[in-house]
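J.: Dropping the structure in here first, questions after.
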Amino acid sequence: MDSPWSETVEHVARRLQTNIETGLSASEVQQRLKQCGWNWLREAPPRSVWKMFLGQLIDWMIGLLVAAAAVSLLLGDWHDSVLILAIVLANALIGFLQERRAEQAVAALKKLAQPTARVWRDGKLSELPAKQLVPGDIIELIAGALVPADGRLIMVADLQIDEALLTGESMSVDKQIELLAAATPLPDRTSMVFAGTTMMRGHGKAIVTATGMRTEMGKIATLLEGTTMVQTPLQLRLAAFSKQLAILVVAISGIVFVVGILRGNATWESMFLVAVSLAVAAIPEGLPAVITVALALGSLRMAQRKAIVRQLAAVETLGSINVICSDKTGTLTQNRMSVSDIIPHREGDFIRAELLRASVLCNNAQPVAAGQPIGSATESAMLIAATAADLDPTEVRQQWPREVEFPFHSDRKRMSTVHRSPEGKRIICAKGAAEAILGRSTHLAEGDGTVVELQPSDKLRLEQQLKSLTARGRRLLAVATKYLNEETLPQSADDAESKLAFLGWIGLVDPARPEARAAIERCRTAGIRAVMITGDHRRTALAIAEDIGLWQLGDEVMSGEEIDRLDDAELERCATRTVIYARVSPVHKLRIVRAHQACGSVVAMTGDGVNDAPALKQADIGVAMGITGADVSKEASRMILADDNFATIVAAVEEGRVVYDNIRKFIVYLLTGNLCEILVILSAILLGLPLPLLPVHLLWINLVTDGLPALALAFEPAEPGTMQRPPRWRNESIFAGGLARGIVLVATIMAAVCLAIFWWALPSGMTSQIVDHEAKQPAPIALPQTMVFVTLSFAQFFHVLALRSSSRSFFSQAPWTNWRLAVSFVLGAGLQLAIVYVPRLASWFHCEPLPAEWLAVAIAVSTAGFWVVEAGKWVNSVSLKTGP
């Protein structure tokens, strides 16, 4: 639609064939969806399967292997050449499958948190996925939400929108509904709202004029097309480590080549193939891909537990969380607000009726024919209470039409509306925090428009009433009115909310979640401090905290006013002792997060409002509420709670620890096997022995052991005690806790076993042998090499079984808890034996069938690494039981 900002609302509605009051019908929506399509921005098409597969082959290590295969072919050894290329393709296939799995997992995560819109359809207000909007829809706009489509404003109430994403202007724009010139530039179109921008304050109503790629954001979407998966800090660190390791391995491979030639271990052609194959086998080039899969799988498991992770890096960070700053309402409580008390300032049906009517008028929740009203939990509860008292909210609002609204703001802690009474008088209705309304009240409403002055004794009585109710865990809202004698409307909230006539209290109850106490206890055992942050009264917060076991003797409670009196250094000292922050504003939340971080803590912070976005961004893990959270808070967060439940945060922390544990396991597995291969080849050359492994042996071991078994470790479930240990430090190395020592120890033992079995199997007096692969008779070294080949392969298969748990014995774990690992073990072992005993495969891999007793010896000694790891677990368990 062209220039809707230059036309009246009525004209725009006629052109779009819509009804401003009732919206479109279902049949009209379906017809327009066919014409206009879904309301979303087009994304760049995903890479094709072939491009993804070929991308696995564009690597300098793969290039080295292809060159090695070419050298073999030129030298007439076509068997090795074909086999090397086959293994290259198999490796590429495994890498492709891993990347494909990671892409699919990330794509699935994107679909879990779709934006929604409030839209009028067939005369009813509904909350629908934003993608279903069509031109002509009538949408409601509320503070904290993202604008779902371009639209012409119909009504505004102090509506202010941040359009920086679209226009680059840092200041929020005040909106209005007046006509503008057709040539008005985009930043000055104040009668329009634009898709993707953020509603900062107030609310409004608009006709959708453009959706999808026809929006202003869609017009520049080509600049945003094409997304790439951002690597996590852990991936970046390990990628850098892999590069350093690659340089080291290439240097070692060069030494192997030179020393092998000088000592006559093999021909230069064979030594070249060995050196290249050793470099390829020893470099864990698949490590970043495996980590991506592990992080993505962890994210999907979290999503199944109602924690939607928006960034893969958050999965890694979750394992380090040691402070959770949680909102009370809806997170620690059920967010099922119900009105428990309607308390007029004095007894009387008239004052009670006035109190209920004001609570309906100063209220933005929308009643529905059946079911829960659409709106905030607090305002919906007030409508339900009024309905229960035989007061029809729809009828009341028709009789007392709203003229002006001064929306709720966290600084004022109140909202007010101006209405025209049936008699033509104007009345202001105000509601908000108890202190905020009581502090602005100078009179008491006596009904029928009469008021009396608020005496000190009255104020003392009301304050005592407030103290008594909040001590019982009630959340109190105060309600007041003011009749206007003048015809002019108030120009500001300060004018409207002064000299109010106090009506009374509305008490609300939000029961604690039954699972909150257990979640708090899990935090304690896991070394995590849970902190409650709420805008409620101190006594209300304390009552809930005691109920769920959050507050204990010696813990401190701090109010927003007390925070204001402290500088940052003083707040940092208090943060270590304070578990409840009451009557806080979003600005206080930001200071609280920074105070904990200054103490060295890794902080998770929950939030649901537009003003919570700075604190969510500042926190190490910003956690937005999926049900009650504003779109802005979701965009600023790294994780969204689909159920707004504190226990879900704790479950996500557990999953984060599991993912990190599994990443450490397959890092140990890959690096131990790779180091073992280097030690076997290098030691044999330095000792003047023949080559114990051929290039195809190294490449095969790399394919079979570094593929499926490593990936299967990502599916290991949580170990017992995962949430009974303290979190790791923020900058703790992935190799902390003696991991590097363990890798070197086990790799050395496995290499020593392989060399010993090779020495034992060598024919008497043989110290060096150049292998002739074209000889008609098998070389006498083929059998010893086959022994090492089998021993090293099975050593890594058994090693991965021992790594299933870092604390529990393998024999105490059921195989079916990770059936993928069991399958990969059986499949790998079966393929290894097939290579040795199937004649055609044996000839390709230059293997000799092992006598049964030799095979038994090879498999028996290959368990050495397994027993070393198991012994380490036993020693650790004994030391934990006996203590220092």
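J.: Quick check on my filter: what residues within region 357-374 are open to solvent by less than 10 Å² (accessible area, probe 1.4 Å) and out of contact with any Gly (no Cβ under 7 Å at 6 or more places or on another chain)? Break it down stepwise before answering.
T.: First pass over region 357-374, keeping only residues open to solvent by less than 10 Å² (accessible area, probe 1.4 Å): 358-363, 365.
Result: 358, 359, 360, 361, 362, 363.
J.: I would also like to ask the following. Residues being under 25 Å from residue 805 (Cα atoms), touching a helix residue (DSSP H, G or I) at 6+ places or on another chain (Cβ under 8 Å) and modelled with pLDDT under 90: count how many of those fall in region 736-769.
T.: Looking only at that region, the number is 1.
J.: Quick one: count up the residues across region 670-688 that are of a type in the set (Asp, Glu) and open to solvent by 10 Å² or more (accessible area, probe 1.4 Å).
T.: As a first pass, look at region 670-688 and keep what is of a type in the set (Asp, Glu): 677.
Among the residues that remain, those that are also open to solvent by 10 Å² or more (accessible area, probe 1.4 Å) are: none.
Of the residues in that region, 0 qualify.
J.: Of these, 181, 195, 221, which one is under 26 Å from residue 38 (Cβ atoms) and modelled with pLDDT of 80 or more? Working first, answer last.
T.: On the way: 181 fails: under 26 Å from residue 38 (Cβ atoms); 221 fails: modelled with pLDDT of 80 or more.
Just a single option satisfies the conditions, and that option is 195.
J.: Could you tell me how many of the residues in region 415-436 are open to solvent by less than 30 Å² (accessible area, probe 1.4 Å) and either part of a helix (DSSP H, G or I) or out of contact with any Ser or Thr (no Cβ under 9 Å at 6 or more places or on another chain) (or both)? Give the derivation first.
T.: Going through region 415-436, the residues open to solvent by less than 30 Å² (accessible area, probe 1.4 Å) turn out to be 415-419, 421, 426-434, 436.
Subsequent filtering for residues that are either part of a helix (DSSP H, G or I) or out of contact with any Ser or Thr (no Cβ under 9 Å at 6 or more places or on another chain) (or both) retains 415-419, 421, 426, 433-434, 436.
The total comes to 10.
J.: How many residues, within region 489-520, are more than 30 Å from residue 543 (Cβ to Cβ) and without any contact (Cβ under 8 Å) to a residue 12 or more places away in the chain?
T.: 3
J.: Also: Need a quick list: strands (runs of 3 or more DSSP E) entirely within region 120-170 having at least 1 residues that are crowded, with 24+ Cβ neighbours inside 10 Å and modelled with pLDDT of 85 or more.
T.: In region 120-170, 138-142, 150-162 are the strands (runs of 3 or more DSSP E) which contain 1 or more residues that are crowded, with 24+ Cβ neighbours inside 10 Å and modelled with pLDDT of 85 or more.
J.: Please pick out the residue among 508, 477 that is open to solvent by 10 Å² or more (accessible area, probe 1.4 Å) and under 36 Å from the mean Cα position of the chain (by Cα). Walk me through how you get there before you give the answer.
T.: Details: 508 fails: open to solvent by 10 Å² or more (accessible area, probe 1.4 Å).
Going through 508, 477 in turn, the sole match is 477.
J.: Just to be sure I understand the filter: pairs with C-beta atoms under 7 Å, separated by 6 or more residues or on different chains, first member in region 285-309 and among the hydrophobic types (A, V, I, L, M, F, W, C) and open to solvent by 20 Å² or more (accessible area, probe 1.4 Å), second member at pLDDT below 80 and part of a loop (DSSP other than H, G, I, E, B). Which pairs pass?
T.: Filtered contacts from region 285-309: 303/112.
J.: Read through the list (1) touching a His at 6+ places or on another chain (Cβ under 8 Å); (2) loosely packed, with under 14 Cβ neighbours inside 10 Å, then give the number of the only condition that residue 501 fails.
T.: Every condition holds for residue 501 apart from (2).
J.: Name the residue that is farthest from the chain's Cα centre (by Cα), counting only residues in region 375-414 that are of a type in the set (S, T, N, Q) and open to solvent by 50 Å² or more (accessible area, probe 1.4 Å). Step through it out loud before you land on a result.
T.: Taking region 375-414 and keeping what is of a type in the set (S, T, N, Q), we get 376, 378, 380, 387, 394, 398-399, 410.
With the extra rule that they be open to solvent by 50 Å² or more (accessible area, probe 1.4 Å), the set shrinks to 376, 387, 394, 398-399.
Details: 376: 25, 387: 40, 394: 41, 398: 45, 399: 47 Å.
Applying the filter and picking the extreme gives 399.
J.: Counting only residues that are surrounded by 20 or more Cβ atoms within 10 Å (Cβ to Cβ) and modelled with pLDDT under 85, how many does region 772-803 have?
T.: Residues meeting the conditions: 1.
J.: Here are the criteria: (1) open to solvent by less than 80 Å² (accessible area, probe 1.4 Å); (2) within 50 Å of the chain's Cα centre (by Cα). Tell me which single one residue 467 does not satisfy.
T.: (1)
J.: Pairs only if they're at least six apart or on different chains, beta carbon under 8 angstrom, first in region 415-439 and farther than 26 Å from residue 487 by Cβ, second of a type in the set (Gly, Ala, Ser) and at pLDDT below 90; list them, first residue then second.
T.: What qualifies is 433/535.
J.: Continuing with this model, one more query. In region 518-549, what residues are assigned to a helix (DSSP H, G or I) and within 22 Å of residue 338 (Cα to Cα)? Step through it out loud before you land on a result.
T.: Initially, region 518-549 is screened for residues assigned to a helix (DSSP H, G or I), giving 518-525, 538-548.
Listed by number, the residues that qualify are 538, 539, 540, 541, 542, 543, 544, 545, 546, 547, 548.
J.: One residue is enough: does region 522-533 have a residue meeting the conditions of a type outside the set (Ser, Thr, Tyr), surrounded by fewer than 16 Cβ atoms within 10 Å (Cβ to Cβ) and under 27 Å from residue 730 (Cβ atoms)? Lay out the reasoning, then the answer.
T.: Taking region 522-533 as the starting set, the residues that turn out to be of a type outside the set (Ser, Thr, Tyr) are 522-524, 526-533.
Subset that is surrounded by fewer than 16 Cβ atoms within 10 Å (Cβ to Cβ): 524, 527.
Those left that are additionally under 27 Å from residue 730 (Cβ atoms): 524, 527.
Looking through region 522-533, at least one residue is of a type outside the set (Ser, Thr, Tyr), surrounded by fewer than 16 Cβ atoms within 10 Å (Cβ to Cβ) and under 27 Å from residue 730 (Cβ atoms).
J.: Against the conditions (1) over 27 Å from residue 155 (Cβ atoms); (2) open to solvent by less than 30 Å² (accessible area, probe 1.4 Å); (3) not aromatic (Phe, Trp, Tyr), where does residue 439 fall short? Just the number, please.
T.: Every listed condition holds for residue 439 apart from (2).
The values are calculated or read from the model by the stated rules, or taken from the named source; none is laboratory data. This is a predicted model, so every value here is computed, not measured. Glycine gets a Cβ as well: all are built from the backbone with ideal geometry, and neighbour counts include every protein chain shown. Calculation scope for accessible area: heavy atoms of the full protein, side chains included, ligands and nucleic acids excluded. Shrake-Rupley method; radii C 1.70, N 1.55, O 1.52, S 1.80 Å.
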